[in-house]
Amino acid sequence: MKIWVLGKRPSRPRALGAAALLVACAAVPAGAAASSSAGPASPAVTGAAARNVILLIGDGMGDSEITLARDYTVGAAGRLHMDRFPMTGAYTTYSVHKDGTPDYVTDSAASATGWATGHKTVNGRLSKTPDTDRPLSTLLELAQRNGLATGSVTTAELTDATPAALVSHVSDRACQGPADMRDCPGDALGRGGAGSVAEQSVAHDVDVLLGGGKQRFDQTVTEGRDRGRTVTDQARRRGHQVVTDARELAAARPGRPVLGLFAPEALPVEWTGKPAAQGGTAPQRCLTSNPGRPAGTPSLEAMTRKALQLLERPKGAGKDGKKGFFLQVEGASIDKMDHDADPCGQIGETAAFDRAVKVARDYAAEHPDTLVVTTADHGHSSQIVPLEARPAGLSSTLVTDEGGLMKVSYGTHAGDEGQEHSGVQVRIAAQGPQAHRVLGLTDQTELFTTLRTALSLR
Ligand SMILES: [Zn+2]
């Protein structure tokens, strides 16, 4: 096994054997600060507990998606922020069928259930068991029970699979708002369930929830105490600050939960370009803007920065200010653009996610008792192929920032759904206390144990 430990110059890693690594780790004093975000990471490995955890999930961000974004933006020999973690491993992501046998290609719901609860489930289900449909405790729930501040940030709807898995338990991910409960009759309030994902999200009184999906929260609750109110009104009744654009977000203050709903559905993507086509496209440069993205839509980077500010002084900071936080940050539309075979959209979302990674690493440089983990929930369709390749499916040729030609092929078409996920293992990288636990090949469910251990959650 080769273990790469970054020195002062991340582009020239030193290869160390496992024994050398242990020596190197022992030499890193607990609490040592990094000198800069681009330099050596904060304590590469310590056995110590973490005060804070920042978990960044690139949805559908397999090795191909990372390499595409690297090649296009900083060049083949360049390095993204997410490439600079001192500890890098891989994990398997498969889900299960109801009888417990492996389903080799996961969706984001089963995948998020894996890292959020430590248990594998069936595709489409959120934080419930595969067979008996019983709720499973999530990292966010454990963090709350242990007195930590909590947050979840996404470019998708807040009711979409990844953020939903932390704060809800439903038998089908489609049950996002009170009007969407057709596939989850047993989860309806009137049947003794906990309601839709939106209702459960609000009921958790998470300190910071930022993302899209306003349409789900504007639906009217049809049962229970809040019958006749929208979910947004329910949040206000519980004392949440509801904000809907970057200006209102900037004005939000710690002390009461913040619910940010910045688009009716997913946040519009950052970059645009021609989608891949049968037989390929003419070489294209991506447009690093999107005319369909309203001014006032906060970037993932900005949402992450604000979330960290808000979590620094959690509710009741006077009483339990010694406790840290758990924050999840999702770059959701890497996956969505991959489904659409839209290479520019996909690369722009990966680059935007990488800027959020930098925010997290900058925070950890100042707060070395922070464990930062960056990973994906599953692999996806895009592949870098030779220019002379003639893919059977959709492809596009891009002109990279360094002037090269790069051909991207999408070959996992599955009917009306467009391109589909792949079952490949994905990268997991980390820095800070307990970061060594990501080394080697692990399974997605072990990330739950890593984060739970790092935060000493009981
Ligand atoms: Zn997907």
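The values are calculated or read from the model by the stated rules, or taken from the named source; none is laboratory data. Given the structure is predicted, the values throughout are model-derived calculations rather than measurements. Neighbour counts run over all protein chains shown; Cβ positions are idealised from the backbone, glycine included. To get the accessible areas, we keep the full protein, side chains included, count just its heavy atoms, and leave off ligands, DNA and RNA. Shrake-Rupley method; radii C 1.70, N 1.55, O 1.52, S 1.80 Å.
Quick notes
- In the range 191-228, trypsin sites (Lys or Arg not before Pro) in a DSSP loop with at most 13 other beta-carbon atoms within 10 Å: 225, 227
- Helix content alone sets the calculated 222 nm mean residue ellipticity of the chain: runs of n ≥ 4 DSSP H residues at -39500 (n - 2.57) each, divided across all residues, give -8000 deg cm²/dmol.
- Across the options 372, 277, 415, the greatest Cα extent toward the positive end of the charge dipole of the chain (unit charges at beta carbon of Lys, Arg, Asp, Glu) belongs to 372.
- Gap separating the Cα centres of the range 246-287 and the range 152-180, nearest whole Å: 18 Å
- Under 5 Å between amide hydrogens, built in the peptide plane, is the criterion, and for residue 150 it picks out 207, 208, 326 among residues at least 5 positions away or on other chains.
- Sorted on the mean count of surrounding Cβ atoms within 10 Å across their residues, most packed first, peptides 298-305, 323-330 read 323-330, 298-305.
- Relative contact order of the chain: 27 percent, from C-alpha pairs under 8 Å at least 6 residues apart in sequence.
- For the range 288-425, the fraction of C-alpha pairs farther apart than 18 angstrom is 66 percent.
- The chain: C-alpha pair distances exceeding 42 Å, %: 11 percent
- For the range 344-431, applying the loop criterion from DSSP together with a ceiling of 12 other beta carbons within 10 Å to the GluC sites (Glu not before Pro) yields 388.
- Calculated accessible area for the chain comes out at 38 Å² per residue, all protein chains present (probe 1.4 Å; ligands, DNA, RNA ignored).
- Taking 0.36 nm per residue of separation and subtracting the Cα-Cα distance, full extension of the segment from residue 183 to residue 366 would add 61.3 nm.
- Dipole magnitude (debye, nearest 20) for the range 316-457, charges at Cβ of Lys, Arg, Asp, Glu: 640 debye
- Cα lying deepest toward the dipole's positive end in the chain, options 167, 455, 357, charges on Cβ: 455
- Once the Cα-Cα distance is subtracted from the 0.36 nm per residue extended length, the residue 402 to residue 285 segment shows a gain of 41.0 nm.
- When only the Cβ of Lys, Arg, Asp and Glu is charged (+1, +1, -1, -1), the dipole of the range 126-166 relative to its Cα centre reaches about 180 debye.
- Protein accessible area in the chain, 1.4 Å probe - carbon and sulfur %: 51 percent
- Antiparallel content of DSSP bridges confined to the chain, in %, to 5: 50 percent
- Under conditions of 10 °C and 1.306 mPa s, the range 136-260 yields 110 µm² s⁻¹ as its translational diffusion coefficient, taking Rh as the Kirkwood radius over Cα pairs in the Stokes-Einstein equation.
- Prolate/oblate/rounded label for the range 372-445 (Cα gyration tensor, a/c 1.5): oblate
- Distance between the modelled labels on residue 174 and residue 248, one decimal in nanometres: 3.0 nm (7 Å Cα→Cβ projection).
- For the range 250-262, putting each phi into the Karplus relation 6.51 cos²θ - 1.76 cosθ + 1.60 with θ = phi - 60° gives couplings of 4, 7, 5, 10, x, x, 10, x, 10, 10, x, 10, 9 Hz, in residue order, rounded to whole numbers and with x for Gly and Pro.
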